1. Helix-only estimate, please: 222 nm mean residue ellipticity of the chain, summing -39500 (n - 2.57) across DSSP H runs of length 4 or more and dividing by its residues, to the nearest 500.
2. Rounded, prolate or oblate: which fits the chain when a ≥ b ≥ c are the square roots of the eigenvalues of the alpha-carbon gyration tensor, with rounded for a/c under 1.5 and prolate only if a/b beats b/c?
3. Please give me the summed charge of the neighbours of T24: other residues whose Cβ is under 12 Å from its Cβ, Lys and Arg +1, Asp and Glu -1.
4. Whole number in Å², please: accessible area per residue of the chain, 1.4 Å probe, ligands, DNA and RNA not counted.
5. Rounded to whole Hz and in sequence order, give me ³J(HN,Hα) for region 14-25 from the Karplus expression 6.51 cos²θ - 1.76 cosθ + 1.60, θ = phi - 60°, writing x for Gly and Pro.
6. Given 0.36 nm per residue, what is the gain on full extension from T42 to E5 after removing their alpha carbon distance, in nm?
7. Contact order normalised by length for the chain, with contacts defined as Cα pairs under 8 Å and 6 or more residues apart; what percent is it?
Amino acid sequence: MARLELSGVTVAYDGFLLSDLSFTLDGGEIVALIGKNGAGKTTTIT
């Protein structure tokens with residue numbers, strides 16, 4: 001059973017676009033978001 005599911009999420013700010021983000025997180029899984037500064041890691045979880 002999925003505990004968290006995102007499908008086709010898009011966030012846009014001036015000069016920044018995070019588009020078509022999709023993932024599923026099941027119970028008991030550990031996930032890390034890795035990327036350069038400004039890649040959208042914080043935007044993904046807020």
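1. Taken over the chain, the calculation gives -2000 deg cm²/dmol.
2. On the way: a/c = 3.27, a/b = 1.68, b/c = 1.95.
Oblate, since a/c reaches 1.5 and b/c is not below a/b.
3. -2
4. Solvent-accessible surface per residue comes out at 84 Å².
5. Running phi through 6.51 cos²θ - 1.76 cosθ + 1.60 with θ = phi - 60° gives 4, x, 8, 9, 10, 10, 6, 7, 9, 6, 10, 10 Hz.
6. 11.6 nm
7. Working: 49 pairs, mean separation 15.3, N = 46.
Computed over the chain, the figure is 33 percent.
The values are calculated or read from the model by the stated rules, or taken from the named source; none is laboratory data. Since the model is a prediction, treat every value here as computed from it, not as a measurement. Neighbour counts are summed over all protein chains in view; Cβ atoms, including those assigned to glycine, are modelled from backbone coordinates with ideal geometry. For the accessible areas, the whole protein counts, side chains as well, though only heavy atoms, and no ligand, DNA or RNA atoms are used. Shrake-Rupley method; radii C 1.70, N 1.55, O 1.52, S 1.80 Å.
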